[in-house]
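The values are calculated or read from the model by the stated rules, or taken from the named source; none is laboratory data. Note that the structure is predicted; figures quoted are calculated from it, not measured. Virtual Cβ from ideal backbone geometry, glycine too; neighbours counted across all protein chains shown.
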C-alpha cells in the first residue's frame, strides 16, 4: 500500500499529529545545528586555547596533545568531525579533565542538577497555579493581596539574592536546613525554593489573569446558574480555558531554571553541571561547554515541543488552523 | 486604537504608587552620580579597620578591606544603572526598526523576520552567557562595553514583537495609504509615521526591559564576569559578600535588598506605564 493512501485514510486529528511531529522534528534539528555551529565557531574564536593556560606545555608535548585532539586540522574539518561524533551520541573527551569524556562528566553532574530543577519546577507550578486560581476566585480578597505581594517579590528578588537570604534565615538563624551540599532529600528544599520563586511569580500572574478573563464569560455564569459547586466551576470549567498562557510559559520557565541553576549550585555548593560549565568555559574546555550547551538546547527544544503538543491537545481550534 | 492613545496622559499621572517609585529612582540616580563629588577619600581601603557592622560612621558598615559599603553601593548603583540604561537603549535601537520593518512590509518579509525572532527565542540565552564566560573568563577588562552590547543584543526580541504587532495594525490606516500615494519612501514612512505611533508601547516595554537587563548584569557579575575591579556593580558586591556572608551578613543584605527594591521600582513603573498606554498588553 502506498503512503499517500494511508495518509488519505487517516482521521484529520491523526494527520495533524503526524504533520506536527514531522515539522517539529525538522525544526529541532535546525535549531540544534545552528546552536552547535554558533557555539563551536564562537568558542574557537575566543582568545586563548585550551592548553595555553598558566603552565605552558613544552612545544613538543603541545604538538602531540594538539594532534591528539585534532586542534591543528582546519576548523571546518574539526566541526565536521564533531558533528559526525555527535550523530553517534559521542560528545568527545574533556580537554581539561583527563580520562573523562564529556558524557562521563554529564552523567556525574546531571542527576543533581536535574533533581533541583525538577523540584523547582514542581514548586513553581504546585504553589503558583492554585494560588493564582484562588486569587482570581476572590478578587481583592486577602489571598489576592498576598498573591500580589508574592508576584512582585518573585520578580524583583533574583535567585542569587534569594539564595543567600534563605541560607541566612533558615540555616544560620533557624538551623532548619543544611546551608549547602546535597546529602539528604531535605537539602533540595532551599535550592529549589530559590530557583523556583521567579517562575512561581510568573505562573501566579498568568493563572490569575487568565482566570479573571474566563470567569467573566457566559458559560461560567451558566454553570453558576445551574447551581454547580464553586470548586467544580473553578477547576473543571474555568481552569482549562485559562491555562494556556501558563502552558506557553513552561518553555521559558525551564530556560530560566536552567540558567539559574548556574548560580544556585554555586551558592549551595552543589556539584552539578553548572560548576563544570563555569570552569570549563574559563579553561577553554570546548567539548565540555559545547556538550552542556547542546544538552540544554535539546532539553529546551523538547520542552517547547511538549508544551505546544499539550496546547494543541487542549485546544482543538489550533489543530484545525 | 486612537481611543486608547487619547487616554494615555491622565491615567499614568493618576497612578500614585508609580509616582512614588519614580521619585525613588530619581533620588537613587542623583545620589549615585553625586556621590563621587563628596566622598572620594572615604571609599579608600582601610585595612586596619577591616570589616565592621553598620554604625554611625559607616551607615552600611565596611567590607573586609575597610571600604565604606554605602559608598561602594552608590558607585555600584551608578554602574548598574548605566549598564541597564545603555543595554535597554540598544535593545530599543535594534528591536524597534526590526519590528517596524516586519510589520510594515508584512507578507513574506514579515514571515522571515519573525521566524528568525522565534528561533532566537527558542535558543537559551544561557548559551550567550556561556559564550561571554568563555570570552572573558580570564581577562575581564573592557567588560563594561561588552556588557552593554551583549545584554542589549539579547533583550530586543520582545520589543520587536510588540512593535511589529502595532505596525501591522497601523499600516492599514488611511494616513499611511495617503503617504504611500503621495510617493513617500518606505524608509521615511517607517521612520516618520509608524515608529512615532508605537512610542507609548515602546517606552512602557523599555521600562520593563531595564530591570531585566540590570538583573542579567548582576547575574553575570555574580558569576564573576561583570565589571572588573576596582569598579563594582551591585552584582559584584553581592558576589564579594557571598564569600564571607556567614561572618559579615551585612555585605550581602545591603546590596541584595537594594537590588530587589530597585527592580521592584522599575517593574511597578513599567506596569503602570503599560496599563496607561495599552490595557491589552499583558506580561508574557
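Overview of results
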{"read-out": "Among (1) under 24 Å from residue A:169 (Cα atoms); (2) buried (at least 20 other Cβ atoms within 10 Å of the Cβ), the one test that residue B:246 misses", "value": "(2)"}
{"read-out": "Residues (farther than 24 Å from residue A:313 by Cβ and either assigned to a helix (DSSP H, G or I) or in contact with a strand residue (DSSP E or B) (Cβ under 8 Å, 6 or more places away or on another chain) (or both)) located in the stretch A:209-230", "value": "A:212, A:218, A:221, A:222, A:224, A:225, A:230"}
{"read-out": "Members of the stretch B:21-70 that are modelled with pLDDT under 65, more than 17 Å from residue B:254 (Cα to Cα) and in a helix (DSSP H, G or I)", "value": "B:41, B:42"}
{"read-out": "Per-region count, the stretch A:234-249, residues free of Cβ contacts under 8 Å to residues at least 60 places away in the same chain and surrounded by fewer than 20 Cβ atoms within 10 Å (Cβ to Cβ)", "value": "4"}
{"read-out": "Boolean, residue A:146 is away from chain B (no Cβ under 11 Å) and surrounded by 17 or more Cβ atoms within 10 Å (Cβ to Cβ)", "value": "no"}
{"read-out": "Hits in the stretch A:180-194 (condition: surrounded by 18 or more Cβ atoms within 10 Å (Cβ to Cβ) and farther than 17 Å from residue B:238 by Cα)", "value": "A:182, A:187, A:188, A:190, A:191, A:192, A:193"}
{"read-out": "Residue count for the stretch A:79-92, restricted to those that are crowded, with 17+ Cβ neighbours inside 10 Å and closer than 16 Å to residue A:43 by Cα", "value": "3"}
{"read-out": "Flag for residue A:51 being surrounded by 17 or more Cβ atoms within 10 Å (Cβ to Cβ), modelled with pLDDT under 80 and more than 30 Å from the chain's Cα centre (by Cα)", "value": "yes"}
{"read-out": "Residue within the stretch A:209-217 that is crowded, with 22+ Cβ neighbours inside 10 Å, more than 20 Å from residue A:268 (Cα to Cα), within 14 Å of another protein chain (Cβ to nearest Cβ) and touching a helix residue (DSSP H, G or I) at 6+ places or on another chain (Cβ under 6 Å) present", "value": "yes"}
{"read-out": "Failed item, numbered, when residue A:169 is tested on (1) buried (at least 16 other Cβ atoms within 10 Å of the Cβ); (2) over 20 Å from the mean Cα position of the chain (by Cα); (3) within 11 Å of another protein chain (Cβ to nearest Cβ); (4) in a helix (DSSP H, G or I)", "value": "(1)"}
{"read-out": "Boolean, residue B:136 is at pLDDT below 65, at the interface with another protein chain (Cβ under 10 Å from one of its Cβ atoms) and within 23 Å of the chain's Cα centre (by Cα)", "value": "yes"}
{"read-out": "Enumerated helices (runs of 4 or more DSSP H) restricted to the stretch A:237-321, each holding at least 2 residues that are within 11 Å of chain B (Cβ to nearest Cβ)", "value": "A:244-267, A:273-282, A:286-314"}
